[in-house]
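Okay, so here's the structure we're looking at.
Computed from the coordinates by the stated procedures, all read-outs in this text should not be read as laboratory data. For clarity, every value in this text was computed on a predicted model and none was experimentally measured. So basically every Cβ, Gly included, is an ideal-geometry build from the backbone, and we count neighbours across all protein chains shown.
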Protein chains: 2
Amino acid sequence: MFPKHHGILSPVVTPFREDLSPDPERFVEHCQWLVSQNAGLAVFGTNSEANSLSVAERRFLLEALLLAGISPDRMMPGTGCCSLTDTVELTRHAVAVGCAGVLMLPPFYYKGVSDDGLFRAYSEVIQRVGSPNLRIYLYHIPPVAQIPITARLIERLLREYPGTIAGIKDSSGDWSNTEMLLRNFQPQGFDVFCGSDPFLLQTLRGGGAGCITATGNVNPAMIHDLYANWRASDADARQARVTQIRRTFEMIPLIASMKAVIGWKRKDPQWAELRPPLDRAPKDKLEQLCARLDEIGFRMDPWETDRHDA
Amino acid sequence: MFPKHHGILSPVVTPFREDLSPDPERFVEHCQWLVSQNAGLAVFGTNSEANSLSVAERRFLLEALLLAGISPDRMMPGTGCCSLTDTVELTRHAVAVGCAGVLMLPPFYYKGVSDDGLFRAYSEVIQRVGSPNLRIYLYHIPPVAQIPITARLIERLLREYPGTIAGIKDSSGDWSNTEMLLRNFQPQGFDVFCGSDPFLLQTLRGGGAGCITATGNVNPAMIHDLYANWRASDADARQARVTQIRRTFEMIPLIASMKAVIGWKRKDPQWAELRPPLDRAPKDKLEQLCARLDEIGFRMDPWETDRHDA
């Protein structure tokens, strides 16, 4: 049995070359840095533009991480696609290479589908993968996928596949939903991760497992410190600081802002590339963001040292 | 240059075997019947559960049609996926085998994306495919994809790629949008297809090219007759009859109802299979539907003759 995920995971942003092909070198570098900052790798999430990648591109990037010697224990790749066969292929691959878990979107093209249909979708994947090593973290992100993972669906999945259904990422942005999950399911060993770091302290106080958060890509150490010290007397102040940085990044759409800032800090503007349909941040907005990040003393080590030395 | 599409096209429902794999034999039979009824083949649309298929499965099914001798002149496969690389692969394949056009969803995972981002998405596909034989029919289906194709986007695409942007399927269900498209774009040779047969007569009277309609799977001859006789004095009565049949099928979710009825008429219940997350129709609802279809005299030739002979 693989160790369970806990703590902070980053839905790793995916770097592209000028021709919009995924760039394994920049990807490996970024993941190595994240792991060094105590962040787990929720590669191929929403913030990874994973649904803008093909199945082959995702497999290729995951293989690149393994070839670079990064432990699959730290990985929770996103494997949920619209197509049953794609989801099965990616999930099988993740399990075969030893990933500690997978983060699984429901099929998201058809809207207004029933819990029965979603149960059958997850069920087919679990049965086809057919491995005792499979651990699924459900991915609840109704603002984007538009397909909610309801309490009724979780209950039914947990009853049918207790060893396999391992937890959830709640990206609803609705604290009352996270609270319900913590109350109803966390006591059964079903691990609840909030989907955004401003909710981290509340989630941990409610017994949750941690956070899978976009800004884990740019601020992993500070978020991990909050996780590690959530019982400390200054926990609320730490949370406030984490939240301040998050809100600053949100001045422009988050994927664009994080990629641009990584490019800025690494002095590697190619990092700012996005696959369509997403757009880069406008230059003026980006300058405002960087100025504000400087103002609030945001740092990305070790590049800060380099920068100030230069 | 390939001939332009016009008239009636069916977004062909995709038959599955018991193991949920796509069934090329039933698919070919159904497509041969549709062509015999004067319907074009908009394979891999929403009603085809195309987004529940992998890229390889779609290519395989398209090849099966070609191997069976069906002309690619009659085909408008859906090729728009979330992933740029998937869309390019499917579009290249469709063009390489000579399909008369492709029906292209915008990338639909990310919500609230800009027209600039969508322009760039279509642009990248067109440039990568790089063929003068490519004809794109834009697929506007905001109730499902949640990503609208706006007039501003169409204008920009038509200006940049006048030989390639061939038309649109309007599945908004909003007649005022279809009217706007007919007024603003049809005169430029941009072919407007309504996305549902109840709008067919209005669309033709407004100068439109035809209809790409779910119930083209079960009622193609009658819909085609309306298309062929839209100037006849009884056109409104024909439209009313077409609409009556459509509304009857809508008693239960349309993909389930059509597949079940095809199975009923062909005495082949395996046809009713759907891939998750979609569900089969409940038995009682289905019986009500079939009774109602009998009541209004709905027929699917040639199986009716067989049935009454039996």
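Which residue fluctuates the most in chain B, going by a Gaussian network model with Cα springs under 10 Å, if the choices are B:G207, B:G130, B:G216?
Of the options given, B:G130 has the highest mean-square fluctuation.
In whole Hz and in residue order, list the ³J(HN,Hα) couplings for the range A:127-141 that follow from phi through the Karplus curve 6.51 cos²θ - 1.76 cosθ + 1.60, θ = phi - 60°; x for Gly and Pro.
5, 6, 5, x, 10, x, 8, 6, 10, 9, 9, 6, 10, 9, 9
Taking the alpha-carbon distance from B:K111 and a cut-off under 23 Å, which lysines remain once sequence neighbours fewer than 8 residues away in the same chain are dropped?
Qualifying lysines at Cα under 23 Å: A:K111, A:K169, A:K259, A:K283, A:K285, B:K169.
Longest span of chain A, sites excluded, free of GluC sites (Glu not before Pro) in DSSP loop with at most 15 other C-beta atoms within 10 Å?
Details: sites that count: A:E18, A:E250.
In chain A, the maximal stretch lacking such sites is A:19-249.
How crowded by other chains is A:70-83, given as the mean number of beta carbons from other chains within 10 Å of each beta carbon?
Numbers: counts 0, 0, 0, 0, 0, 0, 0, 0, 0, 0, 0, 7, 11, 13.
Other-chain Cβ atoms within 10 Å of each residue's Cβ, averaged: 2.
Got a sec? How would B:R231, A:R247, A:R275 order by Cβ neighbour count within 10 Å, fewest to most? Kindly include the intermediate steps, with their values, before the conclusion.
Values: B:R231 8, A:R247 13, A:R275 23.
Ascending number of Cβ neighbours within 10 Å: B:R231, A:R247, A:R275.
From zero up to wherever the largest Cα-Cα distance of the range A:131-258 sits, split into 10 Å bins and tell me the percent of pairs in each.
Reading upward from the zero bin: 13, 41, 33, 13, 1.
Using Cβ counts within 10 Å as a stand-in for footprinting exposure, how do B:Y227, A:Y161, A:Y122, A:Y139 rank, fewest first? Walk me through the numbers before you get to the answer.
Values: B:Y227 23, A:Y161 16, A:Y122 26, A:Y139 29.
Fewest to most other Cβ atoms nearby, the residues stand as A:Y161, B:Y227, A:Y122, A:Y139.
Please turn the phi angles of the range A:250-257 into ³J(HN,Hα) values with the Karplus equation 6.51 cos²θ - 1.76 cosθ + 1.60 (θ = phi - 60°), one per residue in order, whole Hz, x for glycine and proline.
Computed from phi, the couplings for the range A:250-257 are 6, 4, 10, x, 4, 5, 5, 5 Hz.
In whole Å, what is the distance between the alpha-carbon centres of the range B:68-110 and the range A:164-219?
40
Determine the calculated [θ] at 222 nm for chain B from helices alone, applying -39500 (n - 2.57) to every DSSP H run no shorter than 4 residues and normalising by the residue count; nearest 500 deg cm²/dmol.
-13500 deg cm²/dmol
Test of understanding: in a Gaussian network model of chain B with alpha carbons linked when under 10 Å, which of B:A39, B:A96, B:A209 would top the mean-square fluctuation ranking?
Its mean-square fluctuation being the largest, the pick is B:A96.
Can you tell me which of A:P276, A:P77, A:P22 moves the most in a GNM of chain A? Springs connect C-alpha atoms under 10 Å apart.
Result: A:P276 has the largest fluctuation of those listed.
If you take each beta carbon of peptide B:170-179 and count the beta carbons of other chains within 10 angstrom, what is the mean? Mind showing how you got there, number by number?
Details: counts 0, 0, 0, 0, 0, 0, 0, 0, 0, 0.
Mean partner shielding for this stretch: 0.
Using just the Cα positions, wrap the range A:213-310 in a convex hull and report its mean projected area in square nanometres, one decimal place. Don't skip to the answer; put the middle values down first.
On the way: hull surface 27.0 nm².
Mean shadow area of the hull around the Cα atoms is 6.7 nm².
As a test of understanding, state the convex hull volume per residue of the protein assembly as shown from its alpha carbons, in Å³.
Working: hull volume 96.7 nm³, N = 620.
Dividing the Cα hull volume of the protein assembly as shown by its residues yields 156 Å³.
In percent, what relative contact order does the range B:1-148 have, based on Cα pairs under 8 Å that are 6 or more apart in sequence?
Answer for the range B:1-148 is 21 percent.
Taking a cut-off of 34 Å, what percent of all Cα-Cα pairs in chain B are separated by more than that? Don't jump to the answer; show the numbers that get you there.
On the way: 8350 of 47895 pairs.
The proportion of pairs with Cα distances above 34 Å equals 17 percent.
Explain nothing, just compute: Karplus ³J(HN,Hα) = 6.51 cos²θ - 1.76 cosθ + 1.60, θ = phi - 60°, for every residue of the range B:213-227 in order, whole Hz, x for Gly and Pro.
With the stated coefficients, the range B:213-227 comes to 9, 2, 5, x, 6, 10, 10, x, 5, 5, 5, 5, 4, 4, 4 Hz.
So what is the relative contact order for chain A, in percent, with contacts set as C-alpha pairs under 8 Å and at least six apart? Let's see the in-between values first.
Values: 526 pairs, mean separation 55.3, N = 310.
Value for chain A: 18 percent.
List the residues, sorted by chain then number, that are 5 or more residues from B:L41 or on another chain and whose placed amide H is less than 5 Å from its amide H.
Close amide H contacts, sequence-distant or interchain: B:S10, B:M75, B:M76.
Considering every residue in B:268-280, what mean count of other chain Cβ atoms within 10 Å of its Cβ is obtained?
Working: counts 0, 0, 0, 0, 0, 0, 2, 9, 16, 19, 7, 7, 2.
What the average comes to for B:268-280 is 5.
Would you mind ranking A:Y137, B:Y110 by Cβ crowding within 10 Å, fewest neighbours first? Mind showing how you got there, number by number?
Values: A:Y137 26, B:Y110 22.
Result, fewest neighbours first: B:Y110, A:Y137.
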